[in-house]
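The values are calculated or read from the model by the stated rules, or taken from the named source; none is laboratory data. None of the values given here were measured: they were computed from a predicted structure. Please note: Cβ atoms are built from the backbone with ideal geometry, for glycine as well, and neighbour counts cover all protein chains shown.
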Amino acid sequence: MRKLSKRSAVVLGAAGVVVVAGVAYAAWSSSGAGTGSVSSTTAVNSAITPAGSGSALYPGGGTDFTVTISNPNDYPVVVTAISAGSSDAVNGCAAGTVTSAVPGTTPGTIAAKGSGTYTLHATMSGSATDACKGQTFVLPLTATLASNA
């Protein structure tokens, strides 16, 4: 049997360390696979509230008034339409005596958790009776909004 030289022993020893280190590295390596998930929010309806009443109405007259539309959502929305409204019967004053219209377009983005103010126009019928004097007319309105993110 032949004896290894010191040099050969050192080289073989170093090679053995590299092989063992490579095995140790390979034993600690890993990979993984799987999935992630996210979910979407649910839209919360906006609210329309009076902001300004304009001047007093009279038969055949009209006035501008303002409303505020809230956006309770976590994302911006754009107002695409506001419906016209028509009054209910009030203390003997006939239903439909006062109507509202939205002059022009209703563009406008409302920031997340924000609000926007819009101007509408109300008109009292020329055939309004004395029962319509001194009344407050509530005009039901609907706004159509779309996400604008």
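Observations, loosely collected:
- The residue of segment 52-79 that is surrounded by the most Cβ atoms within 10 Å (Cβ to Cβ), among those that are in contact with a Ser or Thr (Cβ under 7 Å, 6 or more places away or on another chain) and at pLDDT below 90, is Gly54.
- Of the residues making up segment 80-112, those that are out of contact with any Pro (no Cβ under 7 Å at 6 or more places or on another chain) and over 28 Å from Ala131 (Cβ atoms) are Thr80, Ala81, Ile82, Pro103, Gly104, Thr105, Thr106, Pro107, Gly108.
- Scanning segment 82-128 for residues that are more than 17 Å from Pro59 (Cα to Cα), out of contact with any Phe, Trp or Tyr (no Cβ under 8 Å at 6 or more places or on another chain) and either of a type in the set (A, V, I, L, M, F, W, C) or part of a loop (DSSP other than H, G, I, E, B) (or both) yields Ser83, Ala84, Gly85, Pro103, Gly104, Thr105, Pro107, Ile110, Ala111, Lys113, Gly114.
- All positions within segment 87-114 that are within 23 Å of Gly126 (Cα to Cα) and within 28 Å of the chain's Cα centre (by Cα): Ser100, Ala101, Val102, Pro103
- Qualifying residue in segment 129-144 (condition: over 15 Å from Tyr58 (Cβ atoms), touching a residue at least 60 places away in the same chain (Cβ under 8 Å), of a type outside the set (Lys, Arg) and assigned to a loop (DSSP other than H, G, I, E, B)): yes
- Residues considered: Ala128, Ala143. Of these, the only one that is at pLDDT 95 or above, of a type in the set (A, V, I, L, M) and either more than 33 Å from the chain's Cα centre (by Cα) or surrounded by 19 or more Cβ atoms within 10 Å (Cβ to Cβ) (or both) is Ala128.
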